[in-house]
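Contents: one structure, followed by commentary.
The values are calculated or read from the model by the stated rules, or taken from the named source; none is laboratory data. From a predicted model like this one, the values you see are computed outputs, not experimental measurements. Here the Cβ is made from the backbone with ideal geometry for all residues, glycine too, and neighbour counts use every protein chain on show. Areas reflect the complete protein model, heavy atoms only, side chains present, ligands, DNA and RNA absent. Shrake-Rupley method; radii C 1.70, N 1.55, O 1.52, S 1.80 Å.
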Amino acid sequence: MKLALISDIHGNLEALRAVLSDIDKQDVDKIHCLGDIIGYGCNPTECLDLVAQSCDIILLGNHEYVALGLLEESAMNEVARQSTEWTCDHLSDSNLETIANLDLEASVENTYLVHACPYEPDQWHYMLRPEEAVVGFDNFIEQIGFFGHSHVPMIFTLYPQGTCSAKPGHDIDPDPDCRYLVNVGSVGQPRDLDPRSSYVIYDSESRDVRFHRVEYDIGLVQQKMTKANIHSMLVERLLVGR
Amino acid sequence: MAEITVKFDDKVIERIVTEKKRISIGRTHDNDIVLENRGVSRKHAMIEFNDNAAVIIDNESLNGTFVNNRKISEEVLRDEDTITIGKYALIYHTQSTGGDEMAGLDGTMVLNTKKQKEMLERDKVERRIVEQHGGSVLTGEENCEFAEYRIDRDVITIGKAKFVHVKAKGFMLSGIQAKIVKEDCGYSLVNLGRKNKTSVNGELTERTMLKNGDLISVGKSTFKFVEGKD
């Protein structure tokens with residue numbers, strides 16, 4: 001079974017459409033979404049609807065968690081807080097009902113899925129360094145786990161002798177003796193200095209992990225965001241991918 | 001001669017006719033009117049009788065004294081005024097009513113006394129629970145996985161997802177169906193998921209400030225909110 005894994009769409013409808021149309025060409029059986037469908041971008045409702053139509057498993061991200069009022073807004077920086085307020089003002093009751101039904105983690109086709117970290121998934125810990133990933137590995141049993149949250153495509157490898165390495169996202173043919181935590185990158189707001197949308201295709205038979213990057217009309221999204229009065233920092237970062 | 005009628009849960013439980021110049025009201029047994037309820041301070045308030053007037057004075061009680069639903073520190077009482085202290089209502093009459101409300105209903109009174117005892121017993125149990133936990137608690141009433149759950153954080157999630165703090169049962173319930181949120185002056189219950197699944201004391205709600213003793217139903221599960229000092 002071929003699975004496409006997408007994450008961190010952040011209300012960027014043009015990027016989501018471009019990614020879904022790219023996935024369409026890859027003969028994929030199912031699409032799973034690892035959360036943060038909303039926040040920052042100007043089409044939260046449309047993205048939620050499109051994800052609900054296209055994806056099989058949809059997980060809760062911290063931005064959905066905030067929209068349900070389960071995380072203190074005071075814990076966010078000013079730009080994130082403003083963007084959260086904007087997003088919440090634009091969500092419908094049925095959007096909130098959809099979000100309220102999402103799960104924090106899932107196990108499917110011998111893989112584990114989570115938005116941020118397998119350890120305390122509702123605390124939204126970042127895994128950017130091997131020592132953080134080691135704690136993550138302790139909290140799921142599958143060989144491969146997929147996550148998002150930091151918007152940076154990455155691979156953590158846990159070797160049989162217990163050491164852990166971190167590398168930028170790259171295609172792998174997993175070693176049966178190793179375990180992996182794969183950050184699939186972000187559809188709507190990449191932060192690895194490559195502004196193209198990122199997603200991953202995983203083949204559950206061969207266990208191959210393949211990264212994909214997709215171009216979309218960034219200029220159009222920036223125009224829409226500026227028109228919607230979204231903070232310029234969030235508009236500008238799309239072009240540089242950071 | 002003035003009379004005070006004491007009501008608990010809308011039932012008359014005591015009728016006091018006094019010739020004293022001053023009567024004290026509070027939780028401990030050295031008061032003239034003893035109100036056994038944890039919303040009542042030990043020396044909660046007093047009523048002073050002058051020639052033709054009665055004055056109620058709140059003794060800086062924790063939860064306050066109310067006359068006709070208005071919080072007071074000192075107030076001249078008029079005929080039929082209702083004084084609220086904790087869960088009790090005290091009705092002030094300038095003239096003795098002769099016990100009309102109690103007369104001729106001996107059987108009912110026995111029942112009321114029994115019921116009152118049960119209520120007081122329940123109140124004692126609740127007091128023990130919140131004291132033991134050191135704050136507000138949910139008690140499991142129906143289809144719950146716990147007997148007592150201490151509300152120990154600013155947001156408690158309720159629903160059928162694996163990760164929520166309080167699991168609820170029921171058909172078509174959302175993963176996170178509702179939340180209990182700490183506000184400046186207490187806790188509120190907010191429905192988050194599907195409509196028509198969350199109610200307080202049998203009434204469907206989207207958002208309600210919780211009061212002590214409220215019965216919260218989420219799907220088929222029912223919890224009681226027992227308010228403590230958080």
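Here are some notes:
- Every residue from the stretch A:184-202 that is under 13 Å from the mean Cα position of the chain (by Cα) and without any contact (Cβ under 8 Å) to a residue 60 or more places away in the chain: A:Pro190, A:Arg191, A:Ser198
- Pairs with Cβ under 9 Å, 6+ apart, first in the stretch B:207-225 and farther than 18 Å from B:Glu142 by Cβ and open to solvent by 40 Å² or more (accessible area, probe 1.4 Å), second acidic (Asp, Glu) and part of a strand (DSSP E or B): B:Met209/B:Glu183
- B:Leu192 meets each of the listed conditions (1) away from chain A (no Cβ under 14 Å); (2) open to solvent by 20 Å² or more (accessible area, probe 1.4 Å); (3) of a type in the set (A, V, I, L, M, F, W, C) apart from (1).
- Between A:Leu234, A:Leu220, the distinction of being open to solvent by less than 20 Å² (accessible area, probe 1.4 Å), at negative phi and touching a residue at least 12 places away in the same chain (Cβ under 8 Å) belongs to A:Leu234 only.
- Yes/no for A:Phe140 being open to solvent by 10 Å² or more (accessible area, probe 1.4 Å), touching a strand residue (DSSP E or B) at 6+ places or on another chain (Cβ under 8 Å) and in contact (Cβ under 8 Å) with a residue 24 or more places away in the chain: yes
- Subset of the stretch B:148-163 that is open to solvent by 60 Å² or more (accessible area, probe 1.4 Å) and within 14 Å of chain A (Cβ to nearest Cβ) - its residue that is farthest from the chain's Cα centre (by Cα): B:Lys162
- Residues located in the stretch B:164-187, provided they are open to solvent by 50 Å² or more (accessible area, probe 1.4 Å), more than 12 Å from chain A (Cβ to nearest Cβ) and either over 29 Å from the mean Cα position of the chain (by Cα) or among the β-branched types (Val, Ile, Thr) (or both): B:Phe171
- Taking each residue of the stretch B:31-58 that is closer than 19 Å to B:Glu227 by Cα and looking for partners that are of a type in the set (S, T, N, Q) with beta-carbon atoms closer than 6 Å, six or more apart or interchain, yields B:Gly39/B:Asn63; B:Ser41/B:Ser61; B:Arg42/B:Thr28.
Residue-by-condition table, conditions (1) surrounded by 19 or more Cβ atoms within 10 Å (Cβ to Cβ); (2) over 14 Å from the mean Cα position of the chain (by Cα):
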residue: A:Ile57; (1), (2): no, no
residue: A:Leu68; (1), (2): yes, yes
residue: A:Trp86; (1), (2): yes, yes
residue: A:Ser92; (1), (2): no, yes
residue: A:Ile99; (1), (2): yes, yes
residue: A:Pro130; (1), (2): no, yes
residue: A:Ile144; (1), (2): yes, yes
residue: A:Phe147; (1), (2): yes, no
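- Residue match in the stretch B:129-147 (condition: open to solvent by 30 Å² or more (accessible area, probe 1.4 Å), farther than 23 Å from A:Leu104 by Cβ and within 14 Å of chain A (Cβ to nearest Cβ)): no
- Restricting attention to the stretch A:177-195, the residues being over 23 Å from A:Cys47 (Cα atoms) and surrounded by fewer than 19 Cβ atoms within 10 Å (Cβ to Cβ) number 3.
- Tally of residues being more than 14 Å from chain A (Cβ to nearest Cβ), of a type in the set (Asp, Glu) and under 20 Å from A:Ile99 (Cβ atoms) across the stretch B:195-224: 0
- First in the stretch A:18-47 and under 28 Å from A:Asn229 (Cα atoms) and touching a residue at least 12 places away in the same chain (Cβ under 8 Å), second anywhere and of a type in the set (D, E, K, R) and open to solvent by less than 30 Å² (accessible area, probe 1.4 Å), Cβ under 6 Å, 6 or more apart: A:Asp36/A:Asp8
- Some residue of the stretch A:79-89 being within 14 Å of chain B (Cβ to nearest Cβ) and among the hydroxyl-bearing types (Ser, Thr, Tyr): no
- Members of the stretch A:157-190 found to be within 19 Å of A:Leu3 (Cβ to Cβ) and either part of a strand (DSSP E or B) or touching a Pro at 6+ places or on another chain (Cβ under 6 Å) (or both), listed by number: A:Gly169, A:Ile172, A:Arg179, A:Tyr180, A:Leu181, A:Val182, A:Asn183, A:Gly185
- Every condition in (1) under 21 Å from the mean Cα position of the chain (by Cα); (2) closer than 24 Å to A:Ser206 by Cβ holds for A:Val135 except the one numbered (2).
- So A:Pro168, is it modelled with pLDDT under 95, in contact with a strand residue (DSSP E or B) (Cβ under 7 Å, 6 or more places away or on another chain) and over 23 Å from A:His90 (Cβ atoms): yes
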